[in-house]
Amino acid sequence: MAVCDRSWDNLYQQYHDRLLRQVQKYLPARDESHDVLQDLYVQLRQRNVDPDEIANPPAFLMRMATNLAIDALRRNNRNPVEFTDPSEISEMDGAGSQSVTPEQISADRQRLDIVRRAIDDLPPRCREVFLLCKRDHFSTAEAADQLGISRNMVEKHLRQALGHCKQVLARHEN
């Protein structure tokens, strides 16, 4: 193991918790945030960069973690999860081989109601951003233009809304 590898390992371990908190701002799901940190570690090991040549190695790690989290968030936004009425699932192509029970439909409807209430509880601007991006499939840039706010503010509102919905669902599922 090279000296620079040990230096990166030490820095990574020293700042792991802070890096995790930073990534979780974008990706609150535990598995996703840990995947991003694993990607960060792999990239550190693949790069031939000596931490002594970087002015601020902790800031460098934080920027890498943020960039990887944003990349993961963008990948997720390219394949948005649709809120589909569970009763329509059986009408979809290929669904005939899987039987959907009335209990599953009822449980899914209850989850949708919980999500709808969680969305209704959001502050007005946050709810508006969420609905534009998730229901109407606006990009963050399009939503920013529509509402006359910055893309960063749109992303902040989206993180807030998604975090709120996940918390509400988690409370009801536990």
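So here's what we get for this one:
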read-out: Filter result for residue 151 (basic (Lys, Arg) and either over 17 Å from residue 28 (Cα atoms) or modelled with pLDDT of 90 or more (or both)); value: yes
read-out: Pairs with Cβ under 7 Å, 6+ apart, first in region 146-160 and surrounded by fewer than 17 Cβ atoms within 10 Å (Cβ to Cβ), second part of a loop (DSSP other than H, G, I, E, B); value: 146/138
read-out: Region 48-59 - residue that is open to solvent by less than 60 Å² (accessible area, probe 1.4 Å) and hydrophobic (A, V, I, L, M, F, W, C) and, of those, modelled with the highest pLDDT; value: 59
read-out: Residue match in region 67-83 (condition: modelled with pLDDT of 80 or more, more than 12 Å from the chain's Cα centre (by Cα) and part of a helix (DSSP H, G or I)); value: yes
read-out: Condition met for residue 164 (open to solvent by 40 Å² or more (accessible area, probe 1.4 Å) and either among the basic types (Lys, Arg) or not in a helix (DSSP H, G or I) (or both)); value: no
read-out: Filter result for the condition that a residue is among the charged types (D, E, K, R) and closer than 25 Å to residue 157 by Cβ, over 6, 30; value: 30
read-out: Scan of region 4-47 for residues that are without any contact (Cβ under 8 Å) to a residue 24 or more places away in the chain, open to solvent by 30 Å² or more (accessible area, probe 1.4 Å) and either among the aliphatic types (A, V, I, L, M) or not in a helix (DSSP H, G or I) (or both), ordered by number; value: 42, 47
read-out: Members of region 110-122 found to be open to solvent by less than 60 Å² (accessible area, probe 1.4 Å) and part of a loop (DSSP other than H, G, I, E, B), listed by number; value: 122
read-out: Sole exception among (1) surrounded by 16 or more Cβ atoms within 10 Å (Cβ to Cβ); (2) at pLDDT 80 or above; (3) over 29 Å from residue 156 (Cβ atoms) for residue 62, by number; value: (3)
read-out: Filter result for the condition that a residue is without any contact (Cβ under 8 Å) to a residue 12 or more places away in the chain and either crowded, with 16+ Cβ neighbours inside 10 Å or over 16 Å from the mean Cα position of the chain (by Cα) (or both), over 138, 130; value: 138
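The values are calculated or read from the model by the stated rules, or taken from the named source; none is laboratory data. Just so it is clear, the model here is predicted, and its values are computed rather than measured. Positions of Cβ are generated from backbone atoms using ideal geometry, with glycine treated the same way; all protein chains shown enter the neighbour counts. The area values use the complete protein model at the heavy-atom level, side chains included, leaving out ligands, DNA and RNA. Shrake-Rupley method; radii C 1.70, N 1.55, O 1.52, S 1.80 Å.
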